[in-house]
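Have a look at the structure below before the remarks.
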Amino acid sequence: ADAVKVFFYGLFMDEGLLATKGIKPASKRVGFVNGYELHIGERATLVRRQSGRTYGALMDIAANEASELYADDSVADYLPQPVTVELMDGTQVDATCYNLPNAKDTGTNQEYAESLLKVATSLGLPDSYIDQIRRARE
């Protein structure tokens, strides 16, 4: 199966969660995308914002695993979108990230934000970014 590079910025950054869905990434690297800001509603999504920067995990997974992952009802509204991820060493990599259409980005979910905070902290994402997630819980 062909591998695809997927930029995860929500709970799927957690390899343990992916493993429960039968997905074992070939590689995982931390990086960020510029021009997007994380928004946490019922779930997480990226919103275009010129000054935005969203951190996450770039993973290589099988192409069929990506489509199966997003076929699940809970994330079926997410659509693939091309992004350029900058890794912590400055390397830029083209990847796909899955986002909610604006109309589907509703509500709030404190529990989701809490879980995301734990994952982001375990990945060692920058404190300023962790603070942004922390504020989203309020």
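The values are calculated or read from the model by the stated rules, or taken from the named source; none is laboratory data. All of these numbers come straight from a predicted model, not from anything done at the bench. Every residue, glycine among them, receives a Cβ derived from its backbone with ideal geometry; neighbour counts consider all protein chains shown. Note: accessible area is taken over every heavy atom of the protein model, side chains too, but ligands, DNA and RNA are not part of it. Shrake-Rupley method; radii C 1.70, N 1.55, O 1.52, S 1.80 Å.
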In region 63-109, the residues that are part of a helix (DSSP H, G or I), of a type outside the set (D, E, K, R) and more than 14 Å from the chain's Cα centre (by Cα): A63, N64, S67, S74, N102, A103
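One line per residue, one yes/no per condition, for (1) in contact with a strand residue (DSSP E or B) (Cβ under 9 Å, 6 or more places away or on another chain); (2) exposed (fewer than 14 other Cβ atoms within 10 Å of the Cβ):
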residue: I61; (1), (2): yes, no
residue: A71; (1), (2): no, yes
residue: V83; (1), (2): yes, no
residue: M88; (1), (2): yes, yes
residue: T91; (1), (2): yes, yes
residue: P101; (1), (2): yes, yes
residue: T106; (1), (2): no, yes
For region 22-43, indicate whether the set of residues that are closer than 28 Å to D131 by Cβ and in a helix (DSSP H, G or I) is non-empty. no
Tell me which residues, restricted to region 108-124, are open to solvent by 50 Å² or more (accessible area, probe 1.4 Å) and over 15 Å from E42 (Cα atoms). K118, T121, S122, G124
Taking region 20-58 as the search range and keeping residues that are within 12 Å of G10 (Cα to Cα) and out of contact with any helix residue (DSSP H, G or I) (no Cβ under 9 Å at 6 or more places or on another chain), which one is modelled with the lowest pLDDT? L46
Among the residues in region 37-45, are any free of Cβ contacts under 8 Å to residues at least 40 places away in the same chain, in contact with a Gly (Cβ under 6 Å, 6 or more places away or on another chain) and surrounded by 12 or more Cβ atoms within 10 Å (Cβ to Cβ)? yes
Could you give every pair whose Cβ atoms fall below 7 Å, whose first residue belongs to region 127-138 and is touching a residue at least 60 places away in the same chain (Cβ under 8 Å) and under 17 Å from E42 (Cα atoms), and whose second residue is open to solvent by less than 40 Å² (accessible area, probe 1.4 Å) and not in a helix (DSSP H, G or I), counting only separations of at least 6 or pairs across chains? Q132/L38; A136/I40
